[in-house]
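See structure below.
The values are calculated or read from the model by the stated rules, or taken from the named source; none is laboratory data. Predicted model, so just to flag it, every value in this text is computed and none were measured. Here the Cβ positions follow ideal geometry from the backbone for every residue, glycine too, while neighbour counts run over all protein chains shown. SASA here: full protein model, heavy atoms, side chains in, ligands and nucleic acids out. Shrake-Rupley method; radii C 1.70, N 1.55, O 1.52, S 1.80 Å.
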Amino acid sequence: MFLFPLFSGFFSGPVVAQQHSLGTFGTWGAFASVRRCYAIAAPYQATASAAGARPFASIGHWPGLHIAGQVQIRLSRPARAGSAVLLRIDGRVFQLAARGADAWAADTAADAQIADAMRTGIEMSVETRAEGGRTVRDFYHLRGAATAMDAAAIACRAR
């Protein structure tokens, strides 16, 4: 579909040349490179982005660092220092830690809980306050997320 050109634009540098698509699954894509594998999606609705910002949600694996299933959210605008970042999946709410425009789960247990919720969820949203006080809300469909996460995990497990 349209996801590969969109997602390939998120990353630049020498790793892109070595990156390859594992497939498009619903609204999610899965990719692998020499050092990592990941499932990724762009929001279907997002707060107007800061110049050059490209929001996304991803679940990544870095076998060389012994990291598996790490949740990362790129917000459409940097979060205001001290503001909570709330990730909602259907009726469940998770608080993320933010630094600038990036947000992560607090620990590996929270990563696993979020990934489990994504597998069975329908929709996900992320909300925070931007540096200027504006509310940031980005919305994601979860159709295909479980398959994309599995494809990324399998690709990195084979290394």
*Per-q log10 I(q)/I(0), the range 67-112, q = 0.21, 0.23 Å⁻¹ (Debye; single scatterer per alpha-carbon; no solvent)*: -0.70, -0.82
_Treating only the Cα positions of the chain as identical point scatterers, give the base-10 log of I(q)/I(0) from the Debye formula at each q in 0.16 Å⁻¹._
-0.86
*asked:* Tell me the angle of helix 145-157 to the major Cα principal axis of the chain, expressed in degrees between 0 and 90 and rounded to the nearest ten.
replied: 50 degrees
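Taking a probe of 1.4 Å, how large is the accessible area per residue of the range 21-143, in Å²?
Numbers: 5830 Å² over 123 residues.
For the range 21-143, the solvent-accessible area averages 47 Å² per residue.
If you take every residue apart from residue 62 with its C-beta less than 10 Å away from the C-beta of residue 62, what net charge results, scoring Lys and Arg +1 and Asp and Glu -1? Each step should come with its number before you reach the end.
Values: positive: 35, 36; negative: none.
That works out to +2.
Largest first and in whole Å, what are the equivalent-ellipsoid semi-axes of the range 30-116 based on the Cα gyration tensor, each being the root of 5 times an eigenvalue?
One finds semi-axes of 21, 16, 13 Å for the range 30-116.
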*Among 59, 122, 89, whose mean-square fluctuation peaks in a Gaussian network model of the chain (Cα, cutoff 10 Å)?*
122
*Over the chain, what relative contact order in percent results from Cα pairs under 8 Å that are six or more residues apart?*
25 percent
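Once you mark the chymotrypsin sites (Phe, Trp or Tyr not before Pro) that are in a DSSP loop and have at most 12 other Cβ atoms within 10 Å, what is the longest gap between them in the chain? Working shown, then result.
On the way: sites that count: 2, 44.
In short, 45-159.
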*What does the convex hull of the Cα atoms of the range 98-158 come to per residue, in Å³, rounded to a whole number?*
97 Å³
*Summarise the accessible area of the chain (1.4 Å probe, protein heavy atoms) by the percent that is carbon and sulfur.*
53 percent
